Amino acid sequence: MNLTLLMYLIPSLIMFGCGVYGFITRKNMIAIMISLELMLNSVDINFVVFNRFLFPGQLEGMFFTLFAIALAAAETALALAIIINVFRIAKKVDINEINKLKF
Amino acid sequence: MESVGNIILYFVIALAIIVFSVLTVTTRRILRSATYLLFVLFATAIIYFQMDYEFLGAVQIAVYAGGIVVLFVFSILLTHRPGERADALTNHRKWIGLSAALLGVAVCGYSLFSYANFCSKTLASSNGLDIAQLGHFLLSTDKYGYLLPFEAISVLLLACIIGGVVIARRR
């Protein structure tokens, strides 16, 4: 039995599906960020696996993943700062109950 | 032909990724959700180690598991009472989410299986990754050099630091 490219893509596909489901159904802003991390992570796996299986001598996919990890860290830090600030003002983090900017 | 240990490791990782990513989005306690996310990120790091990209696996553990999950746990503890449970989902919302996710997975899965011969490539042997070579690529301006994205990322991180300070400052 051999490990093929497809066998690594299927868990990553399921991870992405879970991320989409959580992003749509969750109401808590932090839970939405966690779903977003799941999606970003599955894309990172895809980059690495395609690079390793199809172009083993090159490093493009690996560099993309490195930069994507840095971007994800920056984005999460800023988003969590905004969420904590919103909580300080509105005392809640549910997207349904925060409507000060809406009207 | 792969070694038996590699195949067993693969199945453990695949099972962990699938189970924990489903649990991450279905559990109603937010702190547990962050913990399951941590397990998913560790399993991803093990995939990187299995692909012989040790540096990337180390970065994944250091930045994701060490940085981002800690940030998540801190902000959860700052904004929630311990043991608080989210409200049960309304049926309407649940069906929208399920149909969007399943539709996406079905389309991608169909396209994956229709390229079966391309997807049945096996792992070619690699002579390992030289960290010095990686550093040269990162700071070179040649054809496969990444100096411009590297500098752009550093400017982005500076902007992120300033933005974080401005947002979190007490007025």
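Details
- The residue of segment B:28-58 that is nearest to B:A14 (Cα to Cα), among those that are among the β-branched types (V, I, T) and surrounded by fewer than 20 Cβ atoms within 10 Å (Cβ to Cβ), is B:I46.
- Of all residues making up segment A:9-38, the number that are more than 30 Å from B:D87 (Cα to Cα) and at the interface with chain B (Cβ under 7 Å from one of its Cβ atoms): 1
- Filtered by the rule that a residue be at pLDDT 90 or above and more than 7 Å from chain B (Cβ to nearest Cβ), segment A:56-65 gives a lone residue, A:F64.
- Across segment B:114-133, the number of residues qualifying as closer than 14 Å to B:D52 by Cα and more than 7 Å from chain A (Cβ to nearest Cβ) comes to 6.
- Picking from residues in segment A:81-101 that are among the β-branched types (V, I, T) and over 22 Å from the mean Cα position of the chain (by Cα), the one that is nearest to the other protein chains (Cβ to nearest Cβ) is A:I89.
- A single member of A:N46, A:N41 is within 7 Å of chain B (Cβ to nearest Cβ), among the polar types (S, T, N, Q) and closer than 20 Å to B:A45 by Cβ, and it is A:N41.
- Looking across segment A:1-27 at every residue that is assigned to a helix (DSSP H, G or I) and among the hydroxyl-bearing types (S, T, Y), the one that is nearest to B:M51 (Cα to Cα) is identified as A:Y8.
- Residues considered: B:V25, B:V63, B:V59. Of these, the only one that is within 7 Å of chain A (Cβ to nearest Cβ), in contact with a Lys or Arg (Cβ under 8 Å, 6 or more places away or on another chain), of a type outside the set (K, R) and not in a loop (DSSP other than H, G, I, E, B) is B:V25.
- Cβ separations smaller than 9 Å between residues 6+ apart or across chains give the following pairs from segment B:15-27 residues that are buried (at least 21 other Cβ atoms within 10 Å of the Cβ) to residues that are basic (K, R) and in a helix (DSSP H, G or I): B:T24/B:R32.
- Residue match in segment B:151-169 (condition: at the interface with another protein chain (Cβ under 7 Å from one of its Cβ atoms), over 27 Å from B:F42 (Cα atoms), at pLDDT below 90 and not in a helix (DSSP H, G or I)): no
- Residue check for A:V48: surrounded by fewer than 20 Cβ atoms within 10 Å (Cβ to Cβ), of a type in the set (A, V, I, L, M) and not in a loop (DSSP other than H, G, I, E, B): no
- Residue within segment B:132-153 that is touching a residue at least 60 places away in the same chain (Cβ under 8 Å) and surrounded by 10 or more Cβ atoms within 10 Å (Cβ to Cβ) present: yes
- Test: A:A68 is closer than 17 Å to B:I61 by Cβ, more than 7 Å from chain B (Cβ to nearest Cβ) and surrounded by fewer than 17 Cβ atoms within 10 Å (Cβ to Cβ): yes
- Restricting segment B:81-97 to residues that are modelled with pLDDT of 85 or more and more than 7 Å from chain A (Cβ to nearest Cβ) leaves a set whose member that is surrounded by the fewest Cβ atoms within 10 Å (Cβ to Cβ) is B:H92.
- You will find that of B:G5, B:G67, the residue that is at pLDDT below 95, under 15 Å from the mean Cα position of the chain (by Cα) and surrounded by fewer than 17 Cβ atoms within 10 Å (Cβ to Cβ) is B:G67 and no other.
- Restricting B:S75, B:S126, B:S114 to residues that are polar (S, T, N, Q), surrounded by 12 or more Cβ atoms within 10 Å (Cβ to Cβ) and more than 30 Å from A:R88 (Cβ to Cβ) narrows the list to B:S126.
- Filter result for the condition that a residue is in contact with a Phe, Trp or Tyr (Cβ under 8 Å, 6 or more places away or on another chain) and buried (at least 17 other Cβ atoms within 10 Å of the Cβ), over A:M15, A:M62: A:M62
The values are calculated or read from the model by the stated rules, or taken from the named source; none is laboratory data. All of these numbers come straight from a predicted model, not from anything done at the bench. Counting neighbours? That spans all protein chains shown, and the Cβs are built from the backbone with ideal geometry, glycine included.
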